[in-house]
Amino acid sequence: MKIGIFSECVVYNPPFPAGVARFFREITTELARRGHEVLLFEPRGHSNQPKIEEIKDGITIYRGFSIALQKYMNFPVCIPIKEMITSIPFSLDVVHANNSGIGVLAAIISRRQRIPRVISYHTPLIHYTSYAPLPLFFLRSTRLVNRLESLVYNIFNLTIVPTQGVKNELQRRGFNGPFGFFPTCLDLQSLPKPSSQECDVFRQKYALSGKKVILFVGRMSPEKKIEDVLQLIPDVVKKEPLAHFLMVGTGPFLEDYKNLVRKWQLAQNVTFTGYLSDFDLFTAMHVSDVGLIFADDAQIFDMTILEYWSSGLPLIIRKAMGIEEVVKKGTGLLFADWSEAINHILTLLQDDALRDEMGKNCRKMVEQRYDIRKTIVQLEKLYESR
């Protein structure tokens, strides 16, 4: 098949630091490996990038005109101008968009070429439009943005979701479907595998030797509930003095959170690494004891869950939309409030046998259910069903 993938964020060269970018790198690579021809539409990250670029066999990038949300990590947003719509040099068999913004362009092109259109749901649009500049202040309205988002999704032939819980929530918000299921997934064979020596070097670099490390990986912005994570630290450290929170990621509010740590006198118990390469990210996971995700109610299926699991790292995660369908018994602990989160963190830090057993279960879970080389067939069937 000739598949048009329409991404809201830059997927390659350099990728935007978000789970959805990682997810679409995984599926485009695997689709191409299986013999499909993939045309990836993404925003132009900077002006000197070529408009059309073949980055590997079977994958061609078509970069569109974009504007940047300056406050949101200079996030480029693709604008469906006439030139993009009329100058597409490829005939496609199906289009797949990952957001309602870029979905407008995908829908227009699919109608011009009279081909099926598929869209997947990853992150509520309001997470991005809440950063809109003052002239576009109306885009900060949750009610308005939800209405606009559902209108775009409803013109697609199929909406792909990872869990039944996400489907139920979207239906409640006026998304009509029809719906298909495809999980977040990883190519386990391509993941970095740091050696014990490389892990030791990482521990020394960030002064983690002898510490019990709680790892948080995510964008440093309010929707990731970073401030809530920081507020847990005094209670955890009071009962487990060796506990240390390793905060990995960059974002528009990173300096604000660093200032909070200094203000609350938590500097001895928290390390911010900023952006890490994939290799260093997985090294961080291998040296950590517990993985923490403090998702909000709109969290869908965080790629970080699978990255933690693939490293054998047991998970502590807040209950949110569809999460209970993913985090099964023995792979993680779910919490509903701060006291429960603190108790779960302490339980795993202080019980080595339980932590090791859960780590093995995590690796087994991701191998059985979330290896993209096994699950990609489901996506192909969804494309063909339209």
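The values are calculated or read from the model by the stated rules, or taken from the named source; none is laboratory data. What you see is a predicted model; the values in this text were computed from it and never measured. With ideal geometry, Cβ positions are generated from the backbone for all residues, glycine too; neighbour counts draw on all protein chains shown.
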Considering residues of region 283-300 that are under 15 Å from the mean Cα position of the chain (by Cα) and hydrophobic (A, V, I, L, M, F, W, C) only, the residue modelled with the lowest pLDDT: A298
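Among T159, T129, T123, T163, which is the only one that is closer than 27 Å to E307 by Cα, at pLDDT below 85 and crowded, with 17+ Cβ neighbours inside 10 Å? Full working, then the answer.
Working: T159 fails: at pLDDT below 85; T129 fails: closer than 27 Å to E307 by Cα; T163 fails: at pLDDT below 85.
Checking each option against the conditions leaves just T123.
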Qualifying residue in region 338-346 (condition: at pLDDT below 90 and either under 27 Å from V161 (Cβ atoms) or not in a loop (DSSP other than H, G, I, E, B) (or both)): yes
Index of the failed condition, T250 passing every other in (1) under 27 Å from N343 (Cβ atoms); (2) in contact with a strand residue (DSSP E or B) (Cβ under 6 Å, 6 or more places away or on another chain): (1)
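Does region 348-370 contain at least one residue that is among the polar types (S, T, N, Q), farther than 25 Å from Y206 by Cα and either in contact with a helix residue (DSSP H, G or I) (Cβ under 7 Å, 6 or more places away or on another chain) or modelled with pLDDT under 90 (or both)? I'd like the intermediate steps shown before the answer.
Of all residues in region 348-370, those among the polar types (S, T, N, Q) come to 350, 361, 368.
In the following step, the residues that additionally are farther than 25 Å from Y206 by Cα were identified as 361, 368.
Filter once more, so that each one left must be either in contact with a helix residue (DSSP H, G or I) (Cβ under 7 Å, 6 or more places away or on another chain) or modelled with pLDDT under 90 (or both): none.
Within region 348-370 (the criterion being among the polar types (S, T, N, Q), farther than 25 Å from Y206 by Cα and either in contact with a helix residue (DSSP H, G or I) (Cβ under 7 Å, 6 or more places away or on another chain) or modelled with pLDDT under 90 (or both)), the answer is no, since none of the residues qualifies.
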Index of the failed condition, M247 passing every other in (1) within 18 Å of V236 (Cα to Cα); (2) at pLDDT below 95; (3) within 17 Å of the chain's Cα centre (by Cα): (2)
Inter-residue pairs, beta-carbon under 8 Å, first within 25 Å of P241 (Cβ to Cβ) and in the same structural domain as C199 (by TED's automatic domain parsing) and in region 259-284, second assigned to a strand (DSSP E or B) and not hydrophobic (A, V, I, L, M, F, W, C), 6+ apart: N269/H244; V270/H244; T271/H244; A284/T273
Residue ID - surrounded by the most Cβ atoms within 10 Å (Cβ to Cβ), chosen from residues in region 309-347 that are touching a Pro at 6+ places or on another chain (Cβ under 9 Å) and touching a residue at least 60 places away in the same chain (Cβ under 8 Å): V326
